[in-house]
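What follows is one structure encoded as structure tokens, with my remarks underneath.
The values are calculated or read from the model by the stated rules, or taken from the named source; none is laboratory data. Keep in mind that this is a model prediction, so the values were computed, not measured. Positions of Cβ are generated from backbone atoms using ideal geometry, with glycine treated the same way; all protein chains shown enter the neighbour counts.
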Amino acid sequence: MNAKRPYVPLPGQSPPPAPRLRRDWKDHVRIWWREVDRVLLGLILGLMVLGSLAVAVASPASAARLSTSETTLPGSYFWMRHIVWQVMGLATMIGISLVPREHLRRGGIVAAAVFFGFLMLVPLIGSEVNGARRWLDLGMRFQPSEFLKPGFAIVLAWVLSWRTRDPDMPVIQTSGAMLAAVVFLMMLQPNLGGAILFVGAWFVMVLLAGLPVQRVAVMAGLGSMALVAAYLFYDNARHRIDAFLGGGTAFDQVDLASRTLMAGGWTGTGLWLGEQKMRLPEAHTDYIFSVIGEELGLLTCAVVVILYLSIVLRVFVRMVGEEDIFRLLAASGLAAFFGGQAFINMLVNLQLFPSKGMTLPLVSYGGSSTIATCAVVGLLLAFTRRNPFLSREGLAFANRRGQKVPFDRRAGQSARDAGKGIAA
């Protein structure tokens, strides 16, 4: 019998592609579980559980406040709806975190274009609630600006990463024009708090991209001028800032939130025993942090702060040593959006910041905004995924060679050994 001769390519002929292993959904889940940052995932899930408890204790107050003579809402109305949104958000988060990182950029660009288009429609056909036109009702009411956040961070990271290929490209100017367009549309709603959040995330990303120090002072001055202009020309912004600086009868919910927060002391009054929350507007959304303080105590509020800090710091720790500037900037921008919104909300409840109408991410009852927030944390989980069998040196070598280093599960060979085979 003649032995099968090995294939030898002719001169100038490329070898055939290596056969690809077929994986089913179970293999993808195993790979995801091996690569996902379980500490970050645990922190996120812990915050969601705490949020469900907080909405449960705040739901009776909001249900009683929003009930009418014709319709009486049950005390658990918002909690039951919140659980449904949490399940949908959890599915969204896990689904996005399963997406390979090389596909996230394309999806983020498409999402940014779609929701920027929706944002342009808000001043024209948007729904007005509490004096602000921020929502679109297309069968489901949602805020386009909330869903724009993850796409904006990815597009901005993509634009800023151009500088690694050509240092002379005007990436700062291009990203600044993108930011100006978003801020302009948000101020038409008006949504000063959301505009500040976008500016803050952009500022973090351009600093990490290597913004010259002399430009920092210029941008700080421009930001101050923009706040002054908002105070002078936007009644909503002026009223909120005046209420923060001197108080007022028309906008005193921040003072009520602060008193509700302190009413429970260190350990709280106990579940469903708080009285101040019954007079608090938006107890289940904007001021849920105050409800946590009254019924669960200031110690639980400290736990909430630590959870948010831990999530943001964990993302930056995972990004230390990341050589892909796009992934570094995208994860940093997403963390800035998530952490910035959380701390603005908590500062408002502490009467340290003007009221902005922002929810507490993963904790407040948010409806569609819960889906948008879960998309943000799903992207964070995707960008922080790491192969535990691959050293950072082997990953850098494989990236330079433009090759992927697989993990041979059947042969019991780790990706580190495969990387050494490539090097050989």
Name every residue in region 160-191 that is hydrophobic (A, V, I, L, M, F, W, C), in a loop (DSSP other than H, G, I, E, B) and crowded, with 22+ Cβ neighbours inside 10 Å, in order of residue number. none
Among the residues of region 17-45, count how many are at pLDDT below 65 and either farther than 28 Å from T92 by Cα or among the acidic types (D, E) (or both). 3
For region 137-165, name all the residues that are at pLDDT 90 or above, more than 14 Å from the chain's Cα centre (by Cα) and among the aromatic types (F, W, Y). W158
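One line per residue, one yes/no per condition, for (1) part of a helix (DSSP H, G or I); (2) at pLDDT below 80; (3) over 22 Å from the mean Cα position of the chain (by Cα):
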residue	(1), (2), (3)
A257	yes, no, yes
T269	no, no, yes
M278	yes, no, yes
V291	yes, no, yes
E295	yes, no, yes
V305	yes, no, no
I311	yes, no, no
Per the list (1) of a type outside the set (V, I, T); (2) touching a residue at least 40 places away in the same chain (Cβ under 8 Å); (3) under 20 Å from V183 (Cβ atoms), residue check on F115 breaks on (2)
Positions within region 37-70 being in contact (Cβ under 8 Å) with a residue 24 or more places away in the chain and either β-branched (V, I, T) or not in a helix (DSSP H, G or I) (or both), in sequence order: D37, V39, I44, V55, V57
G194 - would you say it is outside any helix (DSSP H, G or I) and of a type in the set (G, A, S)? no
List the residue pairs whose Cβ atoms are under 9 Å apart, where the first residue sits in region 300-323 and is farther than 30 Å from T269 by Cα, the second is part of a helix (DSSP H, G or I) and of a type in the set (S, T, Y), and the two are 6 or more positions apart or on different chains. V315/S332; F316/S332; M319/S332
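Every residue, every condition in (1) hydroxyl-bearing (S, T, Y); (2) exposed (fewer than 15 other Cβ atoms within 10 Å of the Cβ); (3) within 30 Å of R30 (Cα to Cα); (4) under 20 Å from the mean Cα position of the chain (by Cα), yes or no:
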site	(1), (2), (3), (4)
L47	no, no, yes, yes
A58	no, no, no, no
T68	yes, yes, no, no
P74	no, yes, no, no
W85	no, no, yes, yes
G95	no, yes, yes, yes
L98	no, no, yes, yes
Taking region 190-211, which residues are within 14 Å of the chain's Cα centre (by Cα) and not hydrophobic (A, V, I, L, M, F, W, C)? G194, G200
Residue among E102, E128 that is farther than 24 Å from S59 by Cβ and within 20 Å of the chain's Cα centre (by Cα): E102
Counted residues in region 130-159 being of a type in the set (G, A, S), surrounded by fewer than 19 Cβ atoms within 10 Å (Cβ to Cβ) and more than 19 Å from S355 (Cα to Cα) come to 1
